[in-house]
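**Q** One structure, pasted below without further comment.
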Amino acid sequence: MIKINVILNNISWKKYLKNPNSFIDKKIELLNKKNTLYKKNTLICSLLLSGAKEIKKLNKKFRKKNKSTDVLSFPSFEIKKLKSMKEKEIYLGDIAASYEIIKSRVKNDNFFQEFDKVWVHGLLHLAGYDHIKNQDYYKMSRIEKRILNSIWLIF
């Protein structure tokens, strides 16, 4: 089971998400119905809904990149340890998303879909996926699409 704690750090998010916690909870409920892994554990993370300025600061501090980005992920441990962990609740780490970057990509009023792509991407990074090599990119991309299809109710 997956659980996401939402933290609102930028009021601009309220233009689209009147209740960010409820929005994410509904998506996670759909995702948990499809989840076949980690049924006995609760995987927890935090999602910081922030702005480009704050994301730029985090990116500079933790990744040494002086630019804003759409999403950052901060795993709390190496994912290799996950399978051997015995705890019922496991804190995966933190995700930070930038309102301005997501909004700049929106076409035809699909803010929600763009936002879903970003937080799912961040969640997969917490789960140990990356896109450094082409083969890793394609694997991560397939999983992202499968998750997005399940939370967008496309079958």
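The values are calculated or read from the model by the stated rules, or taken from the named source; none is laboratory data. Source: prediction; values computed, not measured. Positions of Cβ are generated from backbone atoms using ideal geometry, with glycine treated the same way; all protein chains shown enter the neighbour counts. Just the protein is used for accessible areas: all its heavy atoms, side chains included, with ligands, DNA and RNA removed. Shrake-Rupley method; radii C 1.70, N 1.55, O 1.52, S 1.80 Å.
**Q** Just checking: which of the helices (runs of 4 or more DSSP H) contained wholly in the stretch 14-112 hold 2 or more residues that are touching a Leu at 6+ places or on another chain (Cβ under 7 Å) and under 20 Å from Ile151 (Cα atoms)?
**A** Counting at least 2 such residues, we get 20-34.
**Q** Confirm whether Asp116 is in contact (Cβ under 8 Å) with a residue 60 or more places away in the chain and under 12 Å from the mean Cα position of the chain (by Cα).
**A** Yes.
**Q** With the condition kept exactly as written, say whether any residue in the stretch 56-73 is of a type in the set (Gly, Ala, Ser), in contact (Cβ under 8 Å) with a residue 60 or more places away in the chain and crowded, with 18+ Cβ neighbours inside 10 Å.
**A** No, because not a single residue in the stretch 56-73 is of a type in the set (Gly, Ala, Ser), in contact (Cβ under 8 Å) with a residue 60 or more places away in the chain and crowded, with 18+ Cβ neighbours inside 10 Å.
**Q** Residues Lys139, Lys117, Lys81, Lys57: which one is of a type in the set (Lys, Arg) and at pLDDT below 90?
**A** Sole residue among the options that is of a type in the set (Lys, Arg) and at pLDDT below 90: Lys81.
**Q** On to the next question. Sort through Asn5, Asn66 and tell me the only one that's closer than 21 Å to Ser104 by Cβ, at pLDDT 95 or above and among the polar types (S, T, N, Q).
**A** Going through Asn5, Asn66 in turn, just one is closer than 21 Å to Ser104 by Cβ, at pLDDT 95 or above and among the polar types (S, T, N, Q): Asn66.
**Q** Out of curiosity, is Lys80 open to solvent by 80 Å² or more (accessible area, probe 1.4 Å) and either in contact with a helix residue (DSSP H, G or I) (Cβ under 9 Å, 6 or more places away or on another chain) or closer than 27 Å to Asn9 by Cβ (or both)?
**A** Judged against the criteria, Lys80 is not a match.
**Q** Please work out which residue is farthest from Phe77 (Cα to Cα), limiting yourself to the stretch 146-155 and to residues that are of a type outside the set (Lys, Arg) and either open to solvent by 100 Å² or more (accessible area, probe 1.4 Å) or in a helix (DSSP H, G or I) (or both).
**A** Phe155
**Q** Would you mind stating whether Leu31 is within 14 Å of Ala127 (Cβ to Cβ) and in contact (Cβ under 8 Å) with a residue 24 or more places away in the chain?
**A** Spelling it out, Leu31 is indeed within 14 Å of Ala127 (Cβ to Cβ) and in contact (Cβ under 8 Å) with a residue 24 or more places away in the chain.
**Q** Being touching a strand residue (DSSP E or B) at 6+ places or on another chain (Cβ under 8 Å) and crowded, with 18+ Cβ neighbours inside 10 Å is the filter here; which residues of the stretch 102-145 pass it?
**A** Phe115, Val118, Trp119, His121, Gly122, Leu123, His125, Leu126, Ala127
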